[in-house]
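Colleague: I am attaching a structure below and will ask some questions about it afterwards.
The values are calculated or read from the model by the stated rules, or taken from the named source; none is laboratory data. A quick note: this is a predicted structure, and the numbers were derived from the prediction, not measured. For neighbour counting, all protein chains shown are included, and Cβ atoms are generated from backbone atoms with ideal geometry for every residue, glycine included. Remember, those area values only see protein heavy atoms, side chains included, never the ligands or the DNA or RNA. Shrake-Rupley method; radii C 1.70, N 1.55, O 1.52, S 1.80 Å.
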Amino acid sequence: MTVGLLVIDHEKYAQYRTEIASLLETAGGGFRYDFEVWRTLYSEAPHEINRVFVIHFPNRAEKERFFSNPQYLEIRARLFEHAVQGTTILAETNAETAT
């Protein structure tokens, strides 16, 4: 899954990433790429994008389990919601059918 964000509090966002790391690892997921974006030339998103990353999971069930985990949801509410003003899914691939 490729995601574009508008991060408005980089310190809280870094803390969010640190706190979800073990949950992500337990789900078999991780970050493949992570970019800070200096300038966006074109975007269909309703907000600017200053961060782009690719996150992966072994399958859809693990992805859904991760994003619905109560511990993840608590961390998200406490940190991500205050650090990120906009989120856009740029692309998503189903690992079970990708070749």
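Colleague: Give the stretch 5-18 a look and list any residue that's open to solvent by 60 Å² or more (accessible area, probe 1.4 Å) and either closer than 20 Å to Pro70 by Cα or not aliphatic (A, V, I, L, M) (or both), or say none.
Modeller: If the condition is that a residue be open to solvent by 60 Å² or more (accessible area, probe 1.4 Å) and either closer than 20 Å to Pro70 by Cα or not aliphatic (A, V, I, L, M) (or both), then His10, Glu11, Lys12, Gln15, Thr18 are the ones that fit.
Colleague: So which residues in the stretch 7-28 are of a type in the set (S, T, N, Q) and either without any contact (Cβ under 8 Å) to a residue 60 or more places away in the chain or closer than 16 Å to Ile55 by Cα (or both), if there are any at all?
Modeller: If the condition is that a residue be of a type in the set (S, T, N, Q) and either without any contact (Cβ under 8 Å) to a residue 60 or more places away in the chain or closer than 16 Å to Ile55 by Cα (or both), then Thr18, Ser22, Thr26 are the ones that fit.
Colleague: Does Ala21 meet the test of being modelled with pLDDT of 95 or more, aliphatic (A, V, I, L, M) and out of contact with any Ser or Thr (no Cβ under 9 Å at 6 or more places or on another chain)?
Modeller: Yes.
Colleague: Now for a separate question. When the stretch 49-77 is examined, which residues are found to be assigned to a loop (DSSP other than H, G, I, E, B), open to solvent by 30 Å² or more (accessible area, probe 1.4 Å) and either within 19 Å of Tyr33 (Cα to Cα) or in contact (Cβ under 8 Å) with a residue 60 or more places away in the chain (or both)?
Modeller: Once the filter is applied, which keeps residues that are assigned to a loop (DSSP other than H, G, I, E, B), open to solvent by 30 Å² or more (accessible area, probe 1.4 Å) and either within 19 Å of Tyr33 (Cα to Cα) or in contact (Cβ under 8 Å) with a residue 60 or more places away in the chain (or both), the stretch 49-77 yields Asn50, Pro58, Asn59.
Colleague: Residues of the stretch 78-92 being surrounded by 13 or more Cβ atoms within 10 Å (Cβ to Cβ) and under 19 Å from Asp9 (Cβ atoms), which ones?
Modeller: Across the stretch 78-92, the qualifying residues are Arg78, Leu79, Phe80, His82, Ala83, Val84, Gln85, Gly86, Thr87, Thr88.
Colleague: Here are some conditions: (1) free of Cβ contacts under 8 Å to residues at least 24 places away in the same chain; (2) within 18 Å of Ala91 (Cβ to Cβ). Phe31 meets all but one. Which one does it not meet?
Modeller: Among (1) free of Cβ contacts under 8 Å to residues at least 24 places away in the same chain; (2) within 18 Å of Ala91 (Cβ to Cβ), the lone unmet condition for Phe31 is (1).
Colleague: Another question, if that's okay. Hey, can you tell me all the residues within the stretch 29-48 that are open to solvent by 70 Å² or more (accessible area, probe 1.4 Å), among the hydrophobic types (A, V, I, L, M, F, W, C) and modelled with pLDDT under 95?
Modeller: Passing the criteria: Trp38, Leu41.
Colleague: While we're on this one: Conditions: (1) free of Cβ contacts under 8 Å to residues at least 12 places away in the same chain; (2) assigned to a helix (DSSP H, G or I). Thr40 meets all but one. Number of the miss?
Modeller: All conditions are met except number (2).
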